[in-house]
Amino acid sequence: MNIFRQKQKKYIFLFIFIFLLFLACFIIYGIQTGHNSKASYFSHTETREALGTVVTITLFSTEENPLTEKQLTDITNDLFNEADRLEHIFSARLNDSELSLLNSSAFISPVQVSEELFNLFDIALNYCSLSEGAFDISIGRLISLWNIGSDQPYVPSSDEISSYLNQEGWKKISLDTESKTISYEDNSISVDLGGIAKGYIGDRLKDMAENKGITCGLLSLGGNIVTIGERYTKEDWTIGITNPASPDSIIGSLKVSHMSVVTSGDYERYFVENGVKYHHILDPYTGYPSKSGISATTIIGPSSAVCDALSTACFVLGTDRGMLLIESLEDYEAVFIDSSGSIYTSSGISKYNFTANINTD
Ligand code: ADP
Ligand code: MG
């Protein structure tokens, strides 16, 4: 009996031992698979002050396209350097930029420019025309008169506005494709590329990242979003749209891959004087901050430069004319928010799964 009991005890111990062994193996296996799935991707993120704003670059190493931490860091560095190089071509605020030099001499005789500056003028002038001058790169003198976004903004008198106004000035800019030269008809023209350059730089950084082997990443250039590929989970990226009435919160979200999402808003750069708010997007026909009733325009599409030009153009055009412009362009969709908080979407927005008022993950 005793012997039998002892044997029974032995079997129970053996059973418990084997059970615990299984359990241990199972837990170790579970941790390892969890670890593997986590280790199959990792990211490198850096935020720096660049382009007169805040730029964040996030690049991923994925299971299909593994890269080392050093490779991600080096590519991130290259992208920030490229952003600086391009800023020294396109900035109207830097006195020694290629654009500033062009502005000081293109009214005298045609000036040969870099390929980048020529390309950006070419794209920009196309959207000056398509927007019927709501987007107008020739209003640089008005923009520096108001100086919005600097620490010394200024409300000009109506006489000053009239003397700086140069309606449809973009028509006085000529490009010569053969000689890659740019000329201005007279010295009333001063070009400002602030409404499109960040978008164009976003496209160039994306090209550069892809050429260096990046297949998954997210660039944010002062709120202009450029997605590289799909998210590492093979899902779309979720991009939040800021609520212009309360810029710390999100009014909706979009699901996008391979696309850019660009927003222009009256909450981005503005100043208040004597209780009046003056924002940074000017109506080229009045010379004053645009009063179209729009508070924010978000454009989604393949070219960040085009999204950028369209976001500024639609802000000036207002909901009706802005939506007509978007509907005429096959690859671009829009979300507009007016000053009363109403949301307007273009007919193809469903492909980006626009959802109002949810939190993004
Ligand atoms: P952000 O720089 O905030 O992203 P936008 O893309 O909307 O803003 O562009 C606003 C900038 O574009 C202004 O700071 C100014 O440099 C320039 N700008 C303002 N009004 C116009 C306009 N009607 N057409 C073209 N450029 C404009
Ligand atoms: Mg813009």
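The values are calculated or read from the model by the stated rules, or taken from the named source; none is laboratory data. As the structure is a prediction and not an experimental result, all values here were calculated from the model. Cβ placement follows ideal geometry from the backbone for every residue including glycine, while neighbour counts extend to all protein chains displayed. Accessible surface areas use protein heavy atoms only, side chains included; no ligands, DNA or RNA. Shrake-Rupley method; radii C 1.70, N 1.55, O 1.52, S 1.80 Å.
Below are the figures for this structure:
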quantity: Single match in Trp170, Trp146 (criterion: touching a Leu at 6+ places or on another chain (Cβ under 8 Å), within 12 Å of ligand 1 (Cβ to nearest atom) and over 19 Å from Asp266 (Cα atoms)); calculated: Trp170
quantity: Matching residues in the stretch 276-295 - criterion: being at pLDDT below 95, surrounded by fewer than 18 Cβ atoms within 10 Å (Cβ to Cβ) and not charged (D, E, K, R); calculated: Val276
quantity: Candidates Ser138, Ser162, Ser150, Ser157 - the one that is within 16 Å of ligand 2 (Cβ to nearest atom) and polar (S, T, N, Q); calculated: Ser138
quantity: Search result, residues across the stretch 93-123 that are part of a helix (DSSP H, G or I) and either under 21 Å from the mean Cα position of the chain (by Cα) or at pLDDT below 95 (or both); calculated: Glu116, Leu117, Asn119, Leu120, Phe121, Asp122, Ile123
quantity: Selected residue [within 16 Å of ligand 1 (Cβ to nearest atom) and either in a strand (DSSP E or B) or surrounded by fewer than 16 Cβ atoms within 10 Å (Cβ to Cβ) (or both)] from Val335, Val306, Val316; calculated: Val335
quantity: Flag for Phe336 being at pLDDT 95 or above, closer than 14 Å to Ser253 by Cα and more than 16 Å from ligand 2 (Cβ to nearest atom); calculated: no
quantity: Options Gly287, Gly341: the member that is among the small types (Gly, Ala, Ser), in contact (Cβ under 8 Å) with a residue 60 or more places away in the chain, touching a Leu at 6+ places or on another chain (Cβ under 7 Å) and not in a strand (DSSP E or B); calculated: Gly287
quantity: Leading residue by the ranking (surrounded by the fewest Cβ atoms within 10 Å (Cβ to Cβ)) among those in the stretch 60-92 that are modelled with pLDDT of 95 or more and charged (D, E, K, R); calculated: Lys70
quantity: Answer residue from the stretch 237-269, given it is out of contact with any Ser or Thr (no Cβ under 7 Å at 6 or more places or on another chain) and within 10 Å of ligand 1 (Cβ to nearest atom) and is least open to solvent (accessible area, probe 1.4 Å) among those; calculated: Tyr267
quantity: Extreme residue, least open to solvent (accessible area, probe 1.4 Å), among residues of the stretch 93-118 that are free of Cβ contacts under 8 Å to residues at least 24 places away in the same chain and out of contact with any Ser or Thr (no Cβ under 8 Å at 6 or more places or on another chain); calculated: Ser105
quantity: Selection count where residues are away from ligand 1 (no atom under 16 Å from the Cβ) and farther than 23 Å from Phe118 by Cβ, scope the stretch 50-90; calculated: 23
quantity: Test: residue in the stretch 296-303 that is out of contact with any Asp or Glu (no Cβ under 8 Å at 6 or more places or on another chain) and modelled with pLDDT of 95 or more; calculated: yes
